[in-house]
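Report on the following structure.
The values are calculated or read from the model by the stated rules, or taken from the named source; none is laboratory data. As the structure is a computational prediction, the values presented were derived from the model and not from experiment. Neighbour counts are summed over all protein chains in view; Cβ atoms, including those assigned to glycine, are modelled from backbone coordinates with ideal geometry. Side chains included, ligands, DNA and RNA excluded: accessible areas come from the protein's heavy atoms. Shrake-Rupley method; radii C 1.70, N 1.55, O 1.52, S 1.80 Å.
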Amino acid sequence: MRLAELSNRSGVSTATIKYYLREGLLPPGRRLNATTAEYDETHLRRLRLVRALIQVGKVPVANAREVLRHVDDESLGRSVRLGAALWELPQGPEPDEDDEYVQAAHQEVSALLDRLGWENAKRLADISPAYRALVVGVAAFRRLGYDWGAGQLAPYAELMHRTAVLDVDNMERHPSEPERVEFAVLGAILNEPVLQALHRLAQEEETTRRYGFE
């Protein structure tokens with residue numbers, strides 16, 4: 001398909017597509033002559049991913065470029081490829097390692113991973129943004145006087161592991177490796193808000209069941 005058709009099918013303006021091409025977010029089309037290129041279904045799929053990253057996920061262009069670089073890097077194993085792509089997404093604040101609450105939170109999170117038998121997560125602790133985000137969250141609870149530690153977190157973590165199993169099962173239904181990684185990245189952007197909304201709806205349902213609407 002030519003650029004105009006790619007624009008019509010994707011709903012992305014030709015000017016924006018050209019910008020994505022210049023920024024390396026979209027691979028170049030097959031050159032037909034000095035001024036015309038041809039595009040295919042892979043370009044259409046990539047455009048949808050780029051739009052999700054930038055428009056929905058609010059990912060800066062530079063970060064989106066790095067995410068896509070890892071998506072396309074066939075030299076990486078699946079776990080590394082997927083982890084590297086997800087770690088390029090915007091992350092929360094870094095823990096202040098001099099803070100006594102952060103130090104205590106590290107101990108609680110480490111105890112949690114031991115309790116769950118999550119040895120791989122523990123091996124990745126030094127480089128995982130998710131691990132650091134959990135430490136920041138636990139530290140915030142402790143700073144406010146709540147004993148939010150391994151015992152309280154374990155049931156939630158077990159539920160999240162069941163969710164992760166569903167995520168990976170769905171990812172593996174896609175035929176190619178780039179599609180699997182793309183699906184995982186989209187899941188991080190699109191599915192996490194859905195899961196958060198379901199969590200809040202479930203809270204509303206349970207509180208009104210217990211306490212009524214007063």
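If the chain were replaced by its equivalent ellipsoid, with semi-axes equal to the square roots of 5 times the Cα gyration tensor eigenvalues, what would those be, largest first, whole Å?
For the chain, the ellipsoid semi-axes come out as 39, 21, 16 Å.
Using a 1.4 Å probe on the protein heavy atoms, what percent of the accessible area of the stretch 113-214 belongs to carbon and sulfur?
Heavy-atom surface of the stretch 113-214 belonging to carbon and sulfur, 1.4 Å probe: 57 percent.
Would you mind counting up the charge near Gln55? Only other residues with Cβ under 15 Å from its Cβ, with Lys and Arg at +1 and Asp and Glu at -1.
+3
I want to verify a result. In a Gaussian network model of the chain, Cα cutoff 10 Å, which of these has the top mean-square fluctuation: Gly187, Gly92, Gly24?
Judging by the Gaussian network model, the answer is Gly92.
Express in whole angstrom the spacing between the alpha-carbon centres of the stretch 117-131 and the stretch 170-214.
Taking the Cα centre of each part, the stretch 117-131 and the stretch 170-214 sit 22 Å apart.
In the chain, once you exclude exposed chymotrypsin sites (Phe, Trp or Tyr not before Pro) (DSSP loop, at most 11 other Cβ within 10 angstrom), what's the longest stretch remaining?
Answer from the scan: 1-145.
Using a 1.4 Å probe, what is the accessible area per residue for the stretch 69-209, in Å²?
Ligands and nucleic acids excluded, the result is 64 Å² per residue.
Counting alpha carbon pairs within less than 8 Å and at least 6 residues apart, what relative contact order, in whole percent, applies to the chain?
On the way: 170 pairs, mean separation 37.4, N = 214.
Answer for the chain is 17 percent.
Which length gain, in nm to one decimal place, applies between Ser176 and Ala164 when the Cα-Cα distance is subtracted from 0.36 nm times their residue separation?
Extra length from Ser176 to Ala164 when fully extended: 2.3 nm.
Whose amide H sits under 5 Å from the amide H of Leu26, counting only residues 5 or more places off or on another chain, with H placed in the peptide plane?
Leu21
Under 18 Å from a point 7 Å along the Cα-to-Cβ line of Val61: which residues of the stretch 1-41 have their amide N that close?
Inside the label zone: 12-29.
Sum -39500 (n - 2.57) across every DSSP H segment of at least 4 residues in the chain, then divide by the residue count to get the 222 nm mean residue ellipticity, nearest 500.
Details: 11 runs with 139 residues, N = 214.
For the chain, the value works out to -20500 deg cm²/dmol.
Nearest 10 degrees, 0 to 90: what angle lies between the long axis of helix 177-186 and the longest principal axis of the chain (Cα atoms)?
60
Beyond 19 Å, what share of the Cα-Cα pairs of the stretch 1-91 is found? Please give it as a whole percent.
Distances greater than 19 Å cover 41 percent of the Cα pairs.
Given R₀ = 25 Å, FRET efficiency for Leu201-Glu119 by Cβ-Cβ distance, to 0.05?
Here the calculated transfer efficiency is 0.15.
Tell me the volume per residue, in Å³, of the convex hull enclosing the alpha carbons of the stretch 102-214.
140
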